[in-house]
Each structure stands twice: as structure tokens, then as C-alpha cells.
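Okay, so here's the structure we're looking at.
The values are calculated or read from the model by the stated rules, or taken from the named source; none is laboratory data. Fair warning: this is a prediction, and the values are worked out from it, not measured in the lab. Glycine also receives a Cβ, built like all others from the backbone with ideal geometry; neighbour counts cover every protein chain displayed. Heads up: the accessible areas ignore ligands, DNA and RNA and are worked out on the full protein's heavy atoms, side chains in. Shrake-Rupley method; radii C 1.70, N 1.55, O 1.52, S 1.80 Å.
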Amino acid sequence: MNRRAGRPQGSPRGSTEQANALAEFLLALTAGSTVRGLAARYHVGKTLWGEYRAGLKIIPLELLNRLVRDHTPDEDTRRARLATAVRLHAAATAAQRPAPAPAAVAEAAGDPPVAAVGGPPVAVGAGRRRSRPLLLAAGGTALTLLAALVLVLRWGPPREDAVFAVGPAGVGVFSWDGTDAAGWARIGDEAERLYLGPAGVFATRSDGRLYRYEGEPGRWSLISEPGRDFAISGEHVFRLAADGGSVAAWDGEGTSWTTIGGPATRLYGGDPGLFATEPGTDFIYRYTGDPFTWQRIGTAGASFALTGDDLYGLTPDQARVNRWQPDDRTEPWPTWAYAAGEAAELWGGRAGLFSTDPSRSRLRVLADAGNGVADQTWRDIGPAGAEVAVGRRAVYVLSGNRSRILRWSGGAWQDIGGPAQTLAAG
């Protein structure tokens, strides 16, 4: 049976001349390929391929380089095309229209003032420089600060939090230098979700695959095909297969992974180790470090979270939070002790354990009353927002309309930038 050819792409119609020039290069490079064929080969949706080739969206540099290599068998021509690809991509990225300032976006979205988050606003850059939105921060100073941050993150424990964010619609990956709303530097082109830990900074993209940040802006390397879930514990990166049928550990180089376990529903990684929930029962298991050796440590939970030292679980009815006690062997598996009352969702990190109240509208921190774990209680610190990320020293909240990123530490709130699609801290 004769197959009908794909519809012609047409002329580029991007918002800038540079975007159109990149699209024309891409069209010539993929001449004879349909968006259906490209989607099947590179695991990127047909709609997105159409937007790339029309200049409506800028193709990620790593994917563009891969296309050049795949479509150029001659080494000399490949080298020349790669240079052209980098030049056109840099020009198109630089010509992108800047995002609106956070204040304007917040006003348009009807977001409450910073004071509503739990206290008076903190002065940002007063008398020093004008704050800029997350998407506009750039320049030599920002890149120098970024380089210093990366060195600390990769070769020693950071004194302060490492914070990363993805811009609206997944455009742009940014690193915060720890100062204020002006302290963001762009380090990548696109991402959907971020993962952060001692092993490094990782991101999934629209193709579902996982990439590792190599320490220099724009340099990301592919390490994994799509997975249902990823987690970081210590220097190790783990993947739950796309079909949920197995758990694997990254071998540390290229795209090589070693299977370490069978089916799972979700992964939880952090300082206390790697944990996974079992399909069907939702019982939680701990990875012992030996392939296919997992220890059952508890029954089902509505949510789990890891702090710097402990694993916490929210009971299925969301009525109480319990802390895992690995040294107590009075039961067939380690027991759990009461830690706090009802909650809707849990988040954890070295800065502590955080939760939303049953209405999911308020954010709380687990505070020690001074008489042990049994006397801990939830303390309200402000609105919950759209996302929460817990670092070493602070908790970060993406406001409800995702227009601002707010930092809380010891009772004080600081507006540190925005807008953003998602964020990560560690």
C-alpha cells in the first residue's frame, strides 16, 4: 500500500530573524524527514518538532548537535555544520524576547504581597543595584559566581544552598548565586524537572530523557533514556524504568546503567539512602546497597520524605506522621514512632521536615518543643504555593501562580526571583 507523504513544513515564522535562520538550518538538515519520523527516532513529540522547524521554539543545543552528527556522515562537513549549529543557536537564544519582571507578572496574576507569606518583606538589593527577574540575570559577574558555586557543589559540601530553577514553559535552566532576585545565571536551554544532590545537577527534558550538568553554562550530557522516576542518594543516581518494571543505578559514565531491583511505584532518595514503594501494596522498601537486595521497612503511606537524618511517612488516612526507627528490631521490620499530627503532603531536606495542612493552603515546619520527637509539632510559616523545595539551610516556595520564588529561613522570608516553572534546592 502506498503511504502518504507528510505535509510540507513551510517557511519559518519565528519571532526573530535569528530564530528563523536556525529553523532554516534545521529544515535543511532534516530535509526528507517527517515530524512523525523524527518523533519516533528522537523521542520528542511531533508538535514540538513542528515548532522547532517553524522557528516558534528553539531546539535544545544537545539535540541539534545530535541531529548534525546523525545526518552528516562526512567528518569534515560534520565539523563545519556543528560550528554553524552552535553559532546559529547562540544567536537565536540571545535574541529571545526577555520575560516580564516578576512584579508585573505578580500584579497581573493577582498574587498577594510578600508580607502575606509570613512576615514583612526583606529588602532586596537596596542601595546596591536594581533587582532583575530570574530570566534576565546574566553577565560575567553572574557566571563567575556560578563557576564558584559549581566547584563547591562538585568537590565539597556547600556552605549555603544550591538552588536551580526552570523558566516558564520549560525555557531556560537557571542557577541562583545566593544573593537576591538579580543573582540568577542561565546555564541551560530547557528542562521539565530538576534533580539535585551530591551526585550533581540533573534535568529531564521534553523528550523524557535525563541530562547531567557538566559545570559550564550550556554543557549538558545525556545519561539516560526516559524513566518513570529518578532519585539521587549520595553520589548515586537511580532510575525507575518507564514501565515501572525495574530500578537501575547509573554507572557514572555515558548512558550505562545497572539493574538493582524489580518493579516499583516511586523512588525516594536522600541522605538516609534510597527507598522505593512496591506496586500493589505500596509497602516501602530500603535498598541495602547490594543489587536485588531490598529490606521491607514499612507498610503503605500517603507520602514519604527524607530529611538529613530520617525518613518520615504520612499514614494513608493522613492523620499522623511517623518517623522510621531503623535500630528498633522488635517487629518483623523496623518500627515507626509518632512524630507529628495530620498533614496533606510532606517535603524534606537537611533544613528539616515541612508539610502542608489538610487544606493544602498553608506550609508548616516540624518544630521541636524541646522534649524529644514525641513533642514535636507543626508550626505554620505561610502560604503553601505551587511547589516546595527543601535545601540545606532554607525552604524555597514557588508562589501559587509561579510568578515568584520565595526563601524562608528561621522565620524570615525573602523574594529571590521568578517567574519559574519548577525549582530544586539542596
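A few remarks follow.
- Of Glu235, Glu225, all but one fail to be of a type in the set (Asp, Glu), under 28 Å from Trp294 (Cα atoms) and touching a Leu at 6+ places or on another chain (Cβ under 9 Å); the exception is Glu225.
- Trp413 fulfils the conditions (1) over 26 Å from Ile232 (Cβ atoms); (2) of a type outside the set (Asp, Glu); (3) assigned to a strand (DSSP E or B); (4) open to solvent by 30 Å² or more (accessible area, probe 1.4 Å) except for a single criterion, (4).
- Among the conditions (1) under 30 Å from Leu48 (Cα atoms); (2) among the small types (Gly, Ala, Ser); (3) open to solvent by 40 Å² or more (accessible area, probe 1.4 Å), the only one that Ala203 does not satisfy is (3).
- Single residue of region 263-299 satisfying the filter (farther than 27 Å from Gly426 by Cβ, part of a loop (DSSP other than H, G, I, E, B) and touching an Asp or Glu at 6+ places or on another chain (Cβ under 9 Å)) that is modelled with the highest pLDDT: Pro263
- If the condition is being over 17 Å from Arg205 (Cα atoms), surrounded by 15 or more Cβ atoms within 10 Å (Cβ to Cβ) and without any contact (Cβ under 8 Å) to a residue 12 or more places away in the chain, then region 31-42 contributes only Ser33.
- Some residue of region 364-383 being open to solvent by less than 10 Å² (accessible area, probe 1.4 Å) and either touching a Ser or Thr at 6+ places or on another chain (Cβ under 6 Å) or outside any strand (DSSP E or B) (or both): no
- Selection of region 300-359 for residues being outside any loop (DSSP other than H, G, I, E, B) and of a type in the set (Val, Ile, Thr) yields Val321, Thr335, Thr356.
- Residue within region 408-415 that is more than 19 Å from Trp184 (Cβ to Cβ) and free of Cβ contacts under 8 Å to residues at least 24 places away in the same chain present: yes
- Looking across region 189-200, the residues that are buried (at least 20 other Cβ atoms within 10 Å of the Cβ) and touching a helix residue (DSSP H, G or I) at 6+ places or on another chain (Cβ under 8 Å) come down to Asp189, Glu190, Ala191.
- Summed over region 384-410, residues that are over 20 Å from Ala344 (Cβ atoms) and either charged (D, E, K, R) or open to solvent by less than 30 Å² (accessible area, probe 1.4 Å) (or both) total 8.
- Residue that is basic (Lys, Arg), open to solvent by 30 Å² or more (accessible area, probe 1.4 Å), in contact with a helix residue (DSSP H, G or I) (Cβ under 9 Å, 6 or more places away or on another chain) and in a strand (DSSP E or B), where the choices are Arg228, Arg186: Arg186
So that you can scan it fast, the table gives a plain yes or no per residue for (1) on the phi < 0 side of the Ramachandran plot; (2) in contact with an Asp or Glu (Cβ under 8 Å, 6 or more places away or on another chain); (3) surrounded by 15 or more Cβ atoms within 10 Å (Cβ to Cβ); (4) modelled with pLDDT of 90 or more:
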site	(1), (2), (3), (4)
Arg4	yes, no, no, no
Glu24	yes, no, yes, yes
Leu29	yes, no, yes, yes
Val44	yes, yes, yes, no
Ala54	yes, no, yes, yes
Ile59	yes, no, yes, yes
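Yes or no, residue by residue, for (1) more than 24 Å from Arg205 (Cβ to Cβ); (2) surrounded by 15 or more Cβ atoms within 10 Å (Cβ to Cβ); (3) at pLDDT 50 or above:
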| position | (1), (2), (3) |
| --- | --- |
| Trp49 | no, yes, yes |
| Val68 | no, yes, yes |
| Thr77 | yes, no, yes |
| Leu82 | no, yes, yes |
| Arg132 | yes, yes, no |
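- Matching entry among Ala264, Ala300 (being of a type in the set (A, V, I, L, M), without any contact (Cβ under 8 Å) to a residue 40 or more places away in the chain and surrounded by fewer than 19 Cβ atoms within 10 Å (Cβ to Cβ)): Ala300
- Filtered residues of region 191-217 (kept if of a type outside the set (Ser, Thr, Tyr), touching a strand residue (DSSP E or B) at 6+ places or on another chain (Cβ under 7 Å) and over 21 Å from Leu38 (Cα atoms)): Arg193, Leu194, Leu196, Gly197, Ala199, Gly200, Val201, Phe202, Ala203, Arg212, Glu214, Pro217
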